[in-house]
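J.: There's a structure below that I have some questions on.
The values are calculated or read from the model by the stated rules, or taken from the named source; none is laboratory data. The shown structure was predicted, so the numbers you read here are calculated from the model rather than taken from an experiment. Using ideal geometry, Cβ is built from the backbone for each residue, glycine included, and neighbour counts are taken over all protein chains shown.
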Amino acid sequence: MDTTHYLEMFLDESREHLQAVNEQLLKLEDQPQDLKIVNEIFRSAHTLKGMAATMGFEDIASLTHQMENVLDLIRNNELAVSTNVIDVCFEAVSVLEEMVREISEGGDGKQDVSLLVTKLKQMGKQPNDNPSLILSKKDKGDFFTPIQFDEYQTAVMLQAKEQGYQVYQLIVRLSDDCLLKGARIFMVFEALDGLGEVIKTIPLVDELEEGQFEQDVTIVFVTNDSENTIQQKIINITDIQSVGCTAIEEIETIPKNDLKRDKITEKQKDSYSVSINHSPTKTIRVNTERIDHLMNLFEEMVIDRGRLEDIAQTEGNHELSEAVEHLTRVSQDLQNMMLSLRMVPIEKVFNRFPKMVRGLAKDLEKKINLQIVGAETELDRTVIDEIGDPLVHLIRNSIDHGIEPPEKRKAQGKPEEGTILLRAFHSGNHVMIEIQDDGAGINREKVIEKAVKSGLFSLEHAESLIDAEVNELIFSSGFSTADQVSDLSGRGVGLDVVRTKIESLGGHILIDSSPGEGSTFSIQLPLTLSILSTLLVSLQDDTYAVPLSSIEETVLLPKESVFQAHNQSVMDFRNKIIPLVDLRKAFELNNQLHDHPLIEKETIAIVIVRKGDKLAGLIVDSFIGQKEVVLKSLGSYLGQIDSISGATILGDGRVSLIIDPNTLIK
């Protein structure tokens, strides 16, 4: 059987199941008596084992099989949940993640898992590897277990019996190599649709639709057909291993005070035959390359839209202008829809951190509580792909440098367990990500000592720095306050890379720290990187674009309001002196400020831009207007040009460079 065309599906679903196992293991450590969590982990591991076996990845199947055995011991009360059990399970998940990653990179996913398998085997006796699959009525034994029904279900079945119908309990078992379990069960219910009425399913309908179950499904069914007819209808469906059928003679009602615990809702009372009238597929998987290609096509349409707007404005044709305005509104709605397709919840990144924090806290012998807020906040997929590593550096920094050891925290009157808050939220056209800890904060004296020793400045100059400027020093290249090199820190790499990466994404990072109380790292990121709202400005005969996300204000400044301070042109902006950057000089269009033609005029056009808490004014020839543009890379030939983040094509066909204000603010 050629399984190549199933590979992408296998990789996607494997990552989802492994992430689910990670999350549930963390919950299990906090709630070791909750068998529902164990069943969730077992279900994910079992599904992964079946998929891996079908695809021929035997090492993955072998390892997940041993995990299943351990989980089975736990849920049968033969093995207690301990730190050692959780550690070994996490170790197994990490190895599984490595094997899945190797497969995604073109490898065969083979690893020597014998040592890990031995660890899992030593946790207790192995359960029976060959459970009975005999489902015939004469040998069913205890396979068919009693089922409790609520009052509604009881009334329906009693009425059906009075009318001459029979109630059956069906056990449908799927084969171990079944890939699309939800689809197979959907086919089972379609087969039953013409024979009678489904009263109850175990698991519930929603779980069946999503394929969140093991191999067995219990169905309570009302019909006037025979057992043989029902079984023959189902057994012919692909991937159905066996069908058991027995008549229900005694109907046990759930007491009213147990109804809430059993979570029976009106929706669940409805038969599955009603539910299947709706499509069971709520989402579809789409290759990201297709979305990227679709986005590229739409970007070309945005460029043509801009050209049509310019033509309509030049021609003065009323009907053409109306048509272009309508096209603009429709394309903007389409643009919002296109951008939403690229938006991904940031939980895709956040989900990796609880396991990481647990491991680092254990290695450093610290107690740390990680709290995550706003994981549902959505961000462009391109930004999501890039922001993971910077966040890893910042969280590791908080764990290593921020949170103190338990005994030190206790001596300071703090709780022994430190807290790291990871929070994401929308703020205008940006997403804010905050990493906050209640640790020691930034030690000003230690930072200054390291900076002076590194030759960044003299001790006399250091004494004049404000706290915000001292905090910024930890982002200097090669800077580290660690006393010795360890696996976590001390090599002088990390935070400088973090700032560089964040600024390359069009964002910036701020630090707020209080000694003894903790630190907060705030990251501001754009929602998307592909289509930008910009302000077009002119410089000589060229047009440049400045992202609106960086613009604080535009000013027509009287020329007498430009001052000189330390050989730097400055202006007074709302009682704050900010530097001015002449873009002609920065881009070597004119070499001297006094050559600037606007000095001859009464007013100077200035764009006030912000980078974090820093402001600067960009001197331009004139303002043209606001425009949505498509960000295009400069390509490998030009490479990276200082102060330019990319280029765009205007409506008249000309190329406009997009200015990166972050690099112009020092």
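J.: Look at the stretch 377-427 and say how many of its residues are farther than 23 Å from His508 by Cα and of a type in the set (Ser, Thr, Tyr).
T.: So the count comes out to 1.
J.: Same structure, new question: Within the stretch 645-666, work out how many residues are touching a strand residue (DSSP E or B) at 6+ places or on another chain (Cβ under 6 Å) and assigned to a helix (DSSP H, G or I).
T.: Of the residues in that region, 3 qualify.
J.: When you go through Leu73, Leu120 one by one, which is the residue that is buried (at least 22 other Cβ atoms within 10 Å of the Cβ) and part of a helix (DSSP H, G or I)?
T.: Checking each option against the conditions leaves just Leu120.
J.: Something else about it: Looking at the stretch 181-196, which of its residues are surrounded by fewer than 19 Cβ atoms within 10 Å (Cβ to Cβ) and either under 22 Å from Thr154 (Cβ atoms) or in contact with a Gly (Cβ under 7 Å, 6 or more places away or on another chain) (or both)?
T.: Gly182, Leu195 - these are the residues of the stretch 181-196 that are surrounded by fewer than 19 Cβ atoms within 10 Å (Cβ to Cβ) and either under 22 Å from Thr154 (Cβ atoms) or in contact with a Gly (Cβ under 7 Å, 6 or more places away or on another chain) (or both).
J.: For the stretch 250-257, indicate whether the set of residues that are modelled with pLDDT under 80, farther than 21 Å from Gln148 by Cα and surrounded by 15 or more Cβ atoms within 10 Å (Cβ to Cβ) is non-empty.
T.: Filtering the stretch 250-257 for residues modelled with pLDDT under 80 gives 250-257.
If we keep only those that are farther than 21 Å from Gln148 by Cα too, we end up with none.
No, the conditions are met nowhere in the stretch 250-257.
To keep it simple, each residue is scored yes or no on (1) at pLDDT 90 or above; (2) at negative phi; (3) in contact with a helix residue (DSSP H, G or I) (Cβ under 6 Å, 6 or more places away or on another chain).
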{"residue": "Leu320", "(1), (2), (3)": "no, yes, yes"}
{"residue": "Val324", "(1), (2), (3)": "no, yes, yes"}
{"residue": "Arg329", "(1), (2), (3)": "no, yes, no"}
{"residue": "Gln332", "(1), (2), (3)": "no, yes, no"}
{"residue": "Val373", "(1), (2), (3)": "yes, yes, no"}
{"residue": "Glu378", "(1), (2), (3)": "no, yes, no"}
{"residue": "Val383", "(1), (2), (3)": "no, yes, no"}
{"residue": "Asp400", "(1), (2), (3)": "no, yes, no"}
{"residue": "Glu407", "(1), (2), (3)": "yes, yes, no"}
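J.: Please specify each residue of the stretch 153-180 satisfying the condition of being basic (Lys, Arg) and surrounded by fewer than 17 Cβ atoms within 10 Å (Cβ to Cβ).
T.: Within the stretch 153-180, Lys161 is the sole residue that qualifies.
J.: Can you find, within the stretch 222-246, the residue that is surrounded by the fewest Cβ atoms within 10 Å (Cβ to Cβ) among those that are touching a residue at least 40 places away in the same chain (Cβ under 8 Å) and out of contact with any Lys or Arg (no Cβ under 9 Å at 6 or more places or on another chain)?
T.: Asn224
J.: Given the structure, is Gln412 modelled with pLDDT of 80 or more, within 30 Å of Ser340 (Cβ to Cβ) and not assigned by TED's automatic domain parsing to the domain that holds Glu628? Before the answer, list the steps.
T.: Numbers: modelled with pLDDT of 80 or more: yes; within 30 Å of Ser340 (Cβ to Cβ): no; not assigned by TED's automatic domain parsing to the domain that holds Glu628: yes.
No, not satisfied.
J.: Additional query: Just checking, how many residues over the stretch 519-566 are touching a residue at least 24 places away in the same chain (Cβ under 8 Å), hydrophobic (A, V, I, L, M, F, W, C) and loosely packed, with under 14 Cβ neighbours inside 10 Å? Break it down into steps so the answer makes sense when it comes.
T.: Here is the first cut: in the stretch 519-566, the ones touching a residue at least 24 places away in the same chain (Cβ under 8 Å) are 519-540, 542-559, 562.
Remaining after also requiring hydrophobic (A, V, I, L, M, F, W, C): 521, 523, 525, 527, 529, 531-532, 535-537, 539, 545-546, 548, 551, 555-557, 562.
Among the residues that remain, those that are also loosely packed, with under 14 Cβ neighbours inside 10 Å are: 556.
Within the stretch 519-566, residues that are touching a residue at least 24 places away in the same chain (Cβ under 8 Å), hydrophobic (A, V, I, L, M, F, W, C) and loosely packed, with under 14 Cβ neighbours inside 10 Å number 1.
J.: Here are some conditions: (1) buried (at least 19 other Cβ atoms within 10 Å of the Cβ); (2) of a type outside the set (Lys, Arg); (3) within 18 Å of Lys362 (Cα to Cα). Ala440 meets all but one. Which one does it not meet?
T.: Tallying (1) buried (at least 19 other Cβ atoms within 10 Å of the Cβ); (2) of a type outside the set (Lys, Arg); (3) within 18 Å of Lys362 (Cα to Cα), Ala440 fails exactly one: (3).
J.: I've got another one for you. Return the total of residues in the stretch 97-117 being of a type in the set (A, V, I, L, M, F, W, C) and touching an Asp or Glu at 6+ places or on another chain (Cβ under 9 Å).
T.: Qualifying residue count for the region: 3.
J.: Another question, if that's okay. Would you call Thr145 at pLDDT 50 or above, in the same structural domain as Val222 (by TED's automatic domain parsing) and in a loop (DSSP other than H, G, I, E, B)?
T.: Numbers: at pLDDT 50 or above: yes; in the same structural domain as Val222 (by TED's automatic domain parsing): yes; in a loop (DSSP other than H, G, I, E, B): yes.
Taking the combined requirement at face value, the residue satisfies it.
J.: Let me ask you something else. For the list (1) outside any strand (DSSP E or B); (2) touching a strand residue (DSSP E or B) at 6+ places or on another chain (Cβ under 9 Å); (3) over 16 Å from Ser550 (Cα atoms), I need the number of the one condition that Ser519 fails.
T.: Tallying (1) outside any strand (DSSP E or B); (2) touching a strand residue (DSSP E or B) at 6+ places or on another chain (Cβ under 9 Å); (3) over 16 Å from Ser550 (Cα atoms), Ser519 fails exactly one: (1).
J.: Follow-up question, since we're still on this one. When you check Asp642 against the structure, is it modelled with pLDDT of 75 or more, in a loop (DSSP other than H, G, I, E, B) and among the charged types (D, E, K, R), yes or no?
T.: yes
J.: Within the stretch 209-221, which residues are closer than 30 Å to Ala20 by Cβ and touching a residue at least 40 places away in the same chain (Cβ under 8 Å)?
T.: First, pick out the residues of the stretch 209-221 that are closer than 30 Å to Ala20 by Cβ: 209-220.
Across the stretch 209-221, the qualifying residues are Glu209, Gly211, Gln212, Phe213, Glu214, Gln215, Asp216, Val217, Thr218, Ile219, Val220.
J.: Within the stretch 439-478, can you find the residues that are of a type in the set (Lys, Arg) and more than 39 Å from the chain's Cα centre (by Cα)?
T.: The one that is of a type in the set (Lys, Arg) and more than 39 Å from the chain's Cα centre (by Cα): Lys453.
J.: Count, please, the residues in the stretch 530-583 that happen to be hydroxyl-bearing (Ser, Thr, Tyr) and more than 41 Å from the chain's Cα centre (by Cα). If you could, list the steps in order and put the result at the bottom.
T.: Applying the first criterion (hydroxyl-bearing (Ser, Thr, Tyr)) to the stretch 530-583 yields 530, 533-534, 538, 543-544, 549-550, 554, 561, 569.
Then drop every residue that is not more than 41 Å from the chain's Cα centre (by Cα), which leaves 561, 569.
Summing the residues that are hydroxyl-bearing (Ser, Thr, Tyr) and more than 41 Å from the chain's Cα centre (by Cα) in the stretch 530-583 gives 2.
Results for (1) free of Cβ contacts under 8 Å to residues at least 40 places away in the same chain; (2) loosely packed, with under 13 Cβ neighbours inside 10 Å, shown as yes or no for each residue.
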{"residue": "Gln66", "(1), (2)": "no, no"}
{"residue": "Phe90", "(1), (2)": "no, no"}
{"residue": "Val95", "(1), (2)": "yes, no"}
{"residue": "Glu102", "(1), (2)": "yes, no"}
{"residue": "Glu105", "(1), (2)": "yes, yes"}
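J.: Right, here's the next one. Select from the stretch 182-219 the residues that are among the charged types (D, E, K, R) and modelled with pLDDT under 80 and list them in ascending order.
T.: Result: Asp193, Asp206, Glu207, Glu209, Glu210, Glu214.
J.: Here is a list: Ala52, Ala80. Which entry is of a type in the set (Gly, Ala, Ser) and either in contact with a Lys or Arg (Cβ under 8 Å, 6 or more places away or on another chain) or in a helix (DSSP H, G or I) (or both)?
T.: Details: Ala80 fails: either in contact with a Lys or Arg (Cβ under 8 Å, 6 or more places away or on another chain) or in a helix (DSSP H, G or I) (or both).
After applying the criteria, what remains is Ala52.
J.: Any idea which of Asp30, Asp2 is more than 23 Å from the chain's Cα centre (by Cα), surrounded by fewer than 18 Cβ atoms within 10 Å (Cβ to Cβ), within 22 Å of Asn351 (Cβ to Cβ) and at pLDDT below 85?
T.: Answer to the selection: Asp30.
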